[in-house]
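Asker: Below is one structure. I have some questions about it.
The values are calculated or read from the model by the stated rules, or taken from the named source; none is laboratory data. Since the model is a prediction, treat every value here as computed from it, not as a measurement. Cβ sites come from the backbone with ideal geometry, for glycine too, and all protein chains shown count toward neighbours.
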Amino acid sequence: MSSLRAARPQEPDQAAAGGVSSVTLGPRDRLVGQLYIEGDLHVSGTVEGEVEATGNVEVAEGATVKASLSGRDVGISGQVNGTVTASKKLVVSRSGSLTGDVRVSSLVIQDGATFNGSVSMAGGQKAPKPAPLEMPVEAAPMVAAQSGAPNGPAAEKPKPKRR
């Protein structure tokens, strides 16, 4: 996405001037290429390529995106195929479908949504390593009896010799 930032025109900061951009692509709109926007983006149509927004990105139900997406908060209710980066939160709603790797600070996948890809969490504290599982000694013979594998004290008994 750095190529998008480098290619953008150098204009006064709209946020400092009190205005925030908002772009809406309607259901019959199609964008093929690169888009950098200082503000929010709402997609109801089709997008192919690269999209980077400083604000929020919303992919509406019925929209189709085959692009890398980057934004502050990203909401997906339509279909997205590509890498998604959300600096704050990514929400894949019930009607949403996401195929691609994501890099997020916070992730919400609602019941009914589909997701296929890997997740990289950024910006938060690292989760502590889980403690190793410890099985009580009493449970070891039961597990061995159920699985047929020699475990626990029963495994230590010598087998009688056949003559």
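Asker: Could you list all residues from the stretch 88-111 that are out of contact with any Leu (no Cβ under 9 Å at 6 or more places or on another chain) and β-branched (Val, Ile, Thr)?
Answerer: 99
Results for (1) modelled with pLDDT under 60; (2) in a helix (DSSP H, G or I); (3) closer than 19 Å to residue 58 by Cα, shown as yes or no for each residue.
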{"residue": "85", "(1), (2), (3)": "no, no, yes"}
{"residue": "103", "(1), (2), (3)": "no, no, yes"}
{"residue": "111", "(1), (2), (3)": "no, no, yes"}
{"residue": "130", "(1), (2), (3)": "yes, no, no"}
{"residue": "133", "(1), (2), (3)": "yes, no, no"}
{"residue": "136", "(1), (2), (3)": "yes, no, no"}
{"residue": "145", "(1), (2), (3)": "yes, yes, no"}
{"residue": "155", "(1), (2), (3)": "yes, yes, no"}
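Asker: Also: From 118, 95, 68, 87, grab the single residue that is out of contact with any strand residue (DSSP E or B) (no Cβ under 6 Å at 6 or more places or on another chain), in contact (Cβ under 8 Å) with a residue 24 or more places away in the chain and surrounded by fewer than 21 Cβ atoms within 10 Å (Cβ to Cβ).
Answerer: Every option except 95 fails the conditions.
Asker: When you scan the stretch 73-81, do you find a residue that is modelled with pLDDT of 95 or more, surrounded by fewer than 20 Cβ atoms within 10 Å (Cβ to Cβ), in contact with an Asp or Glu (Cβ under 9 Å, 6 or more places away or on another chain) and not acidic (Asp, Glu), even just one?
Answerer: Looking for residues that are modelled with pLDDT of 95 or more, surrounded by fewer than 20 Cβ atoms within 10 Å (Cβ to Cβ), in contact with an Asp or Glu (Cβ under 9 Å, 6 or more places away or on another chain) and not acidic (Asp, Glu), one finds none in the stretch 73-81, hence no.
Asker: Residue check: is residue 104 over 10 Å from the mean Cα position of the chain (by Cα) and aliphatic (A, V, I, L, M)?
Answerer: Against the criterion (over 10 Å from the mean Cα position of the chain (by Cα) and aliphatic (A, V, I, L, M)), residue 104 does not qualify.
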